[in-house]
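The values are calculated or read from the model by the stated rules, or taken from the named source; none is laboratory data. Keep in mind that this is a model prediction, so the values were computed, not measured. Here the Cβ positions follow ideal geometry from the backbone for every residue, glycine too, while neighbour counts run over all protein chains shown.
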Amino acid sequence: MSATFPQEVQDKLKGSTVLVLWGSGTNPENVQKFSQELGSHQCSRIVVEHAERLILSGHPSSNFDVVLSNLCEPHSMSHSFEFLSEIVRIMKPGGIIFAKENSDSKVSTNLKLTGFSSIKVETSDGTFFAQKPNFEVGASSTLSFGKPAVWSLSNNLLDDQIELINEDDLLDESDLIKPAAETLRVCGTTGKRKACKDCSCGLAEELGADPAAKPAETKTATSSCGSCYLGDAFRCASCPYLGMPAFKPGEKITLSERQLNPDL
């Protein structure tokens with residue numbers, strides 16, 4: 001094949017570093033002749049490589065502006081995903097590939113999967129053109145909406161210039177309803193609103209009591225020793241005030257029926 005190319009390829013050749021790939025069965029003399037004709041396009045540098053040695057050669061990344069592949073007869077090469085992955089690695093951002101595919105393989109799909117863009121496949125002669133995007137493979141960039149929102153009050157603002165939210169406006173009517181006392185009563189043993197099996201704190205009686213019933217009558221205890229008000233240290237063993245805090249002399253202390261009868 002003579003070194004004639006589409007216009008978009010010719011425009012890229014001048015002053016570029018070009019890689020020529022050839023496959024099995026190709027006569028080396030034809031490859032040499034092709035490279036000589038390619039020199040008429042004023043390329044900066046031309047590198048000729050057998051396709052089977054491309055990966056073994058270990059070319060540095062972003063090294064070639066143009067890759068010409070399988071353009072010499074008998075066009076025996078197939079551009080697999082792995083092969084194109086190596087080509088896109090060693091191409092510079094914005095570089096192009098012009099090649100000929102030897103079969104009806106999924107070359108268009110492989111080009112897309114390896115990151116090529118501007119893909120053009122000619123079904124008539126099996127040639128294709130593609131370009132590497134103008135950024136390196138694996139490059140990353142921070143998106144503007146990924147930055148955290150930051151706000152602050154200007155130091156020039158005075159306290160009386162800042163409008164604050166009224167705390168009462170954050171409450172609705174349900175927040176202002178006082179809870180019923182019975183909903184706050186819990187078992188002294190389990191801490192739950194339901195009385196335990198052997199309830200001794202009085203919750204079982206309260207939960208089972210008739211809401212319409214009158215509260216239990218209370219009795220006023222009278223001290224027999226006169227020292228009950230001083231506290232437990234001065235109270236006798238049967239003192240009804242045991243466990244209660246000290247109180248002022250003469251202060252009226254009311255005990256419930258349960259406190260006056262601890263054995264119930």
With criteria (1) surrounded by 10 or more Cβ atoms within 10 Å (Cβ to Cβ); (2) within 29 Å of E251 (Cα to Cα); (3) at pLDDT 70 or above, S238 comes up short on (1)
When every residue in segment 97-119 that is in a helix (DSSP H, G or I) and of a type outside the set (A, V, I, L, M, F, W, C) is compared, the one nearest to I55 (Cα to Cα) is N110
Screening E73, E101, E29 for residues that are under 21 Å from G115 (Cα atoms) and among the acidic types (D, E) leaves only E101
Residue pairs within 7 Å by beta carbon, gap of at least six or interchain, first lying in segment 82-110 and on the phi > 0 side of the Ramachandran plot, second surrounded by 15 or more Cβ atoms within 10 Å (Cβ to Cβ) and not in a strand (DSSP E or B), listed first then second, are G94/K132
inquiry  = Regarding segment 63-70, can at least one residue be identified that is assigned by TED's automatic domain parsing to the domain that holds K14 and exposed (fewer than 14 other Cβ atoms within 10 Å of the Cβ)?
reply    = no
Note on segment 1-14: residues over 46 Å from the mean Cα position of the chain (by Cα) and touching a residue at least 24 places away in the same chain (Cβ under 8 Å) are M1, S2, A3, F5, P6, Q10, K14
Consider Q42 carefully, then state whether it is surrounded by fewer than 16 Cβ atoms within 10 Å (Cβ to Cβ), free of Cβ contacts under 8 Å to residues at least 24 places away in the same chain and not aromatic (F, W, Y).
no
Among A139, A51, the single one that is among the aliphatic types (A, V, I, L, M), farther than 24 Å from L13 by Cβ and modelled with pLDDT under 95 is A139
Before we move on, is G94 in a strand (DSSP E or B) and surrounded by fewer than 16 Cβ atoms within 10 Å (Cβ to Cβ)?
yes
Heads up, the helices (runs of 4 or more DSSP H) in segment 1-89 (entirely inside) with at least 2 residues that are polar (S, T, N, Q) are 7-13, 28-38
Among L21, L13, the single one that is within 15 Å of M77 (Cα to Cα), in contact with a helix residue (DSSP H, G or I) (Cβ under 6 Å, 6 or more places away or on another chain) and crowded, with 16+ Cβ neighbours inside 10 Å is L21
